[in-house]
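The values are calculated or read from the model by the stated rules, or taken from the named source; none is laboratory data. Predicted, not measured: the structure shown is a model, and the values here were computed from it. For neighbour counting, all protein chains shown are included, and Cβ atoms are generated from backbone atoms with ideal geometry for every residue, glycine included. What goes into the accessible areas is simple: the full protein's heavy atoms, side chains included, and nothing from ligands, DNA or RNA. Shrake-Rupley method; radii C 1.70, N 1.55, O 1.52, S 1.80 Å.
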Amino acid sequence: MLDPKLLRTKLSEVKERLQKRHFDLDMGQYESLEKQRKALQIRAQELQQKRNSESKEIGQAKQRGEDIEPLKSKVAALADELKQAEASLGQVQEALLAFELTIPNLPHDSVPDGKDETGNLELRVWGEAKHYDFEVKDHVDIGEQLGLLDFERASKLTGSRFSVLRGDLARLHRALIQFMLDVHTAEHGYQEIYVPYLVNSESLRGTGQLPKFAEDLFALAGEKEFFLIPTAEVPVTNLHRDEIIDANALPLKYVAHTPCFRSEAGSYGQDTRGMIRQHQFEKVELVQFVRPDESYQALEQLTYHAEEILRRLELPYRVVSLCGGDIGFSAAKTFDLEVWLPGQQKYREISSCSNFEAFQSRRMLARYRDLDSNKPELLHTLNGSGLAVGRTLVALLENGQQQDGSVTIPSALRPYLNGQELLTP
RNA sequence: GGAGAGCUGGCUGAGUGGUCGAAAGCGGCGGUCUUGAAAACCGUUGACCCGAAAGGGUCCGGGGGUUCGAAUCCCUCGCUCUCCGCCA
């Protein structure tokens, strides 16, 4: 959520800055709601003040033993009027909040212009796409030919966009999770955390998935309004919802491994083959809570932490800065990590690292107590995949493939697999 | 699933219809004292909203109700704890 004060005082500037994302802010609707809000709030507060002071007088009169009946009827009329004013104020405030919750974050000045992913800016490239002197296969063929990847049975169990892994591939999948958590906890200073995979709607509102993106979520049908998490970002960032954190405890850095569930509504026909786009996948997620003046430095650091996993796995990748049209709803700035997939002859997103500035913390009321002012201030939140495990597995299969159908396992993972160097049938 | 008890500020905890945003203690901050620290003592210390300010308003788990007036009474939902049942 944007700062309501900013909307009130610099509306046209906000509108202009949002045009970078190709978002058209309806200034007329906002101004009309805000005008009503102000008038109603002033009215309601006047009535409240009157009621409070006159009720106090009744209390005093009663103590003096006076007849309070005439006073009572006078204030009763006031109370009715107040009730009405409060009700209309509540309605307008609700409408205003609903409007504000659908406005995306302001993109940072450094975000490149552009309307879609073709406008993203390549910042750096690491590693080189290997040359294969045989015809390369994609991960589906590799995995199925090894007998380790099974989409047919997955669709029998559930439906499309699910996968079954077996044997060494299931083990490699588990090893990847372990490896990522170990690097981030032991070397990058993150605290490992285990969180619920079901969350309530307040949490989803806090990080920005609700109210606008309900169709991307899986909701439980039971009597409780629970949702499957689309990313660990939701439970981990909401850990500090409605909290005021001691400044000395900052930065807070968490790493969590969770499954993620996404309905992928609106992506029909995209990435239907293989495990690139699944309804269920595993992810190791990095989340940071930092002081506002440190958040852009933290974004560089967090991105570097995610990149480190790709480097250790010897996977070629590039880093792109998302343009205004491609950046997510809540983010002020995002770097995507894209891994090279020989099977597609393309770089594909494997991690997305974002600085949300105060956008999420304002929704969540996640604050810290500033050492100078001794006042609560909004934190800045960041997160990034470190990494998406399913896609990492895809990248390992495709980049490690050999002519005979076997797959080389990078040396960083071998300690997690009793030294195993190859996937073979 | 059944029965009961609770939910108050950063924490502990008092408050059961009137000047209560709320005693007291702890913690925090500032000061006195001290070579320094501790102790002691003094002062100070909730969040949010409107407002340039003065000031005003809201908030005692959420929502609703009763009342001139609600932390306090009623209803409802959520959560926590205890006992019973079931269960990985």
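Residues of region A:64-153: accessible area per residue at 1.4 Å, in Å²?
For region A:64-153, the per-residue accessible area is 63 Å².
Could you tell me which of the pairs A:LYS20/A:LYS137; A:LYS253/A:LYS375; A:LYS224/A:LYS333; A:LYS137/A:LYS212 are separated by over 32 angstrom between their Cα atoms in the structure shown?
A:LYS20/A:LYS137; A:LYS224/A:LYS333; A:LYS137/A:LYS212
Calculated FRET efficiency, A:ARG369 and A:HIS22, Cβ-Cβ r, R0 51 Å, to nearest 0.05?
The calculated FRET efficiency here is 0.85.
Does region A:124-269 come out rounded, prolate or oblate by the C-alpha gyration tensor, with a ≥ b ≥ c the root eigenvalues, rounded set by a/c under 1.5 and, if not, prolate when a/b is larger than b/c and oblate if not?
Because a/c hits 1.5 or more and a/b fails to exceed b/c, region A:124-269 counts as oblate.
Starting from the Cα of A:LYS5, step 7 Å toward the Cβ, then list every residue of region A:330-362 with an amide N under 16 Å from that point.
Within reach of a label on A:LYS5, which here means backbone N under 16 Å from a point 7 Å along Cα→Cβ, region A:330-362 contributes A:358-359, A:362.
Given 0.36 nm per residue, what is the gain on full extension from A:ASP67 to A:LEU97 after removing their alpha carbon distance, in nm?
6.3 nm
If R₀ is 22 angstrom, what is the calculated FRET efficiency for the pair A:ASP182 and A:ARG311, using the beta carbon separation as r and rounding to 0.05?
That pair, A:ASP182 with A:ARG311, gives E of 0.90.
Who wins for biggest fluctuation among A:THR231, A:THR118, A:THR102 in a Gaussian network model of chain A, springs between alpha carbons below 10 Å?
So, out of A:THR231, A:THR118, A:THR102, the one fluctuating most is A:THR118.
Working from the pairwise distances between different alpha carbons, so that the mean of 1/r is found and then inverted, what is region A:28-132's Kirkwood radius in Å?
The Cα-based Kirkwood calculation yields 19.2 Å.
Let me check I've understood the local charge: for A:ARG241, count other residues with C-beta under 12 angstrom from its C-beta, Lys and Arg +1, Asp and Glu -1. What total comes out?
Result for the local shell: +1.
When the accessible area of chain A is computed with all protein chains present and a 1.4 Å probe, what percentage of it is carbon and sulfur?
The value for chain A is 47 percent carbon and sulfur by accessible area.
Taking R0 as 60 Å, what's the FRET efficiency between A:ALA39 and A:ILE193 from their Cβ-Cβ distance, rounded to 0.05?
Calculated transfer efficiency: 0.80.
Enter the accessible area per residue of region A:1-50 (Å², integer; probe 1.4 Å; all protein chains in place).
That works out to 65 Å² for each residue.
Under the definition of Cα pairs under 8 Å and six or more residues apart, what whole-number percent is the relative contact order of chain A?
The normalised contact order for chain A reaches 20 percent.
Please identify which residues in region A:320-358 have an amide N closer than 18 Å to a label point set 7 Å out from the Cα of A:ARG124, following the Cα→Cβ vector.
A:320-322, A:334-340, A:350-355
Using 0.36 nm times the number of residues separating A:ASP133 and A:ASN52, minus their current alpha carbon distance, what extension gain do you get?
20.7 nm
I'd like the distance separating the alpha-carbon centroids of region A:367-421 and region A:257-296, in whole Å.
After rounding, the separation between the Cα centres reads 12 Å.
Over region A:223-346, average the accessible area per residue using a 1.4 Å probe and give it in Å², no decimals.
36
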